[in-house]
Amino acid sequence: MSDSKTRVNVEVADRAASLEILDGGFQVVAQGFGSLEAELAPGLYKARASVGGVAQEQLFAVEEGVTPAPVRLGPVRFASPVPLNDTSTSHEYHQEAVARALQDAPLVLGNGARLLLSLRDPSDRPFRQTPTSLPDYARSFDGFRLCGPGNQPLIDFDQAARRVPEKGYAVLHAELDPGGYVLHWAPPGRPAVARPLPLPPNWTTLVFVMVEPGGEGALPLRPNLADCSVQMAPLGYAGYPSERYFRLTEIARQSLLQGRNIVEREVMNALLGDKFGNPLLGLLAAHLLLLDAEPRLNLLHIVLGNLGAMLGADYPDVAALHLRLRQIEHPDQPPAPQPVVFPPLLKAGWEILAAQAARDEAFFPADSLCRRMADRVVDNGVWLAWRPLPEASLGAALFAGLSDAELQGKKWRDRERILAIFEQTDGALDGAGLLQATKTLAKPVLREQLRQFLKSTLAEQLPPREQLGELVLRLARTLPWERIVARLTQLDAQGAVAARLSSVQQSLIPTLLLLRRQLQSGQDLDGAQWEQLLAGLQVPKSVLLDNLRDLARLAGALAVRLIEEERNG
């Protein structure tokens, strides 16, 4: 067999796709981005171009002594929330709607920053609606509101957007003052979701969302917020969003979702080079560079310097990246960061900030949006999102302390007996014993003893970090978490709990159940386990304490109900 090799050129039409060449054994022998040159031995090969999880392939042969023609792949047609040419989800009428919104005068609520929100259904579903079904279908584009950081409503997209359900889209272009805004999606009967939208001066932030079937395909459809596309363009730029920019952000987004930097050098160079026209590319590139085993610190300094000049050093995502870079460079004693009040676009940036807030109580100021949403983060792909705070505490609705007047007379002896039960901290009396000891007592007395327990255990002052661990252990030891979890599951099936429990509480409930079983088996929670638990929650100590208080109130109220049901049953 000859050892001679032939140079082969492979390119993809859109120049914004990852390229691979695979040999006859399906091994990758060359990789690139946009275009690729490789020295190949005679044989049969496959060229593969991929973007956004969709691939296009083409077989080609290399013959000894024959110069092959360049291998040219067409654009990869993948699903895109941006209505772009050569994607599987594009329509001219959707492109025209976005282009028209950008060219027309925006809704003016301020000056210096702009926002475009595009919602669309790329299927043929709009054209299959009847006069009877169209109103239900039109609600697929309902529920979006833009609010300020203090939750004050600014734009009702249901009223202000250009809505054309007959063609499956709604779009709005607005001008606002630079600053932090929150995009809420809160349709009737469904849990609300909120996303931060920091709008930098002199830039238009473009958010593209597809609406898709949820559940069994019933109407209305649901917005796919996790796979949405966010782009940036210079303020006043009226051209159509760049196809290249979207394809680059999609490659970077998929890599960030995997939690590792898998983009080729050509992709990284394109991300860094094109960031001046779309700073989001630079944000994604910087997070990918931080995922390297040995981040290139000099390059990161350059990237962050450029991003700070374009977006401002106080832009939340830029602040998060600067913080992480300082932590890498000064692991023993990094410079004290400035407090952060508004959350970043990217969840990777939030994780950097939240980890700092868990160590530094003042990092998220008390009245900041970061502090208020820190315990309510939900999974939303690479983008940060959270469940907005409920109107009322679930625990408060289920649990109410009684007045002293209701505790007069002979019941005070029962009250003292119950309080004495809760004063036991040696583990001698577990939740089952507590149920047995109290199930014959009156309902008002039981409620009052739970109130007293919370009052004594969950004091107003912020306890030291180690005392939080003691509080968790006491809650695990005292209350019947097996039965509480079963009841919460039952209530959740009825839609009564999920929207009100914070993400921290959802993590704490199974933890308390496991701790209870561990304590019942005679094992203790050591300091390392507690530190690991705290690190995983990544919230300020005061936020954790508030969550423990509310969870104890909820669990206490459910314990009351369980005791009464057992007593009456």
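The values are calculated or read from the model by the stated rules, or taken from the named source; none is laboratory data. Every value quoted in this text rests on a predicted model; they were computed, and no experiment measured them. Using ideal geometry, Cβ is built from the backbone for each residue, glycine included, and neighbour counts are taken over all protein chains shown.
The table below lists the values:
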quantity	calculated
Residue pairs meeting the criteria (Cβ under 6 Å; at least 6 apart or on separate chains; first closer than 14 Å to residue 502 by Cβ and part of a helix (DSSP H, G or I), in region 529-548; second small (Gly, Ala, Ser) and modelled with pLDDT of 80 or more)	543/374; 547/502
Residue ID - surrounded by the most Cβ atoms within 10 Å (Cβ to Cβ), chosen from residues in region 1-20 that are hydroxyl-bearing (Ser, Thr, Tyr) and modelled with pLDDT of 70 or more	18
Boolean, residue 154 is in contact (Cβ under 8 Å) with a residue 12 or more places away in the chain, farther than 30 Å from residue 285 by Cα, hydrophobic (A, V, I, L, M, F, W, C) and surrounded by fewer than 18 Cβ atoms within 10 Å (Cβ to Cβ)	yes
Residue satisfying condition, being modelled with pLDDT of 80 or more, outside the structural domain of residue 357 (by TED's automatic domain parsing) and of a type in the set (D, E, K, R), within set 553, 500, 517	517
Flag if residue 533 is farther than 21 Å from residue 387 by Cα, modelled with pLDDT of 85 or more, of a type outside the set (Ser, Thr, Tyr) and not assigned by TED's automatic domain parsing to the domain that holds residue 192	no
Filter pass, residue 171 being touching a helix residue (DSSP H, G or I) at 6+ places or on another chain (Cβ under 6 Å), part of a strand (DSSP E or B) and β-branched (Val, Ile, Thr)	yes
Close pairs from region 172-200: first under 17 Å from residue 315 (Cβ atoms) and not assigned by TED's automatic domain parsing to the domain that holds residue 368, partner outside any loop (DSSP other than H, G, I, E, B) and among the hydroxyl-bearing types (Ser, Thr, Tyr), Cβ under 7 Å, at least 6 apart	197/181; 197/205; 199/181; 199/205
Some residue of region 58-65 being on the phi < 0 side of the Ramachandran plot, free of Cβ contacts under 8 Å to residues at least 40 places away in the same chain, over 29 Å from the mean Cα position of the chain (by Cα) and part of a helix (DSSP H, G or I)	no
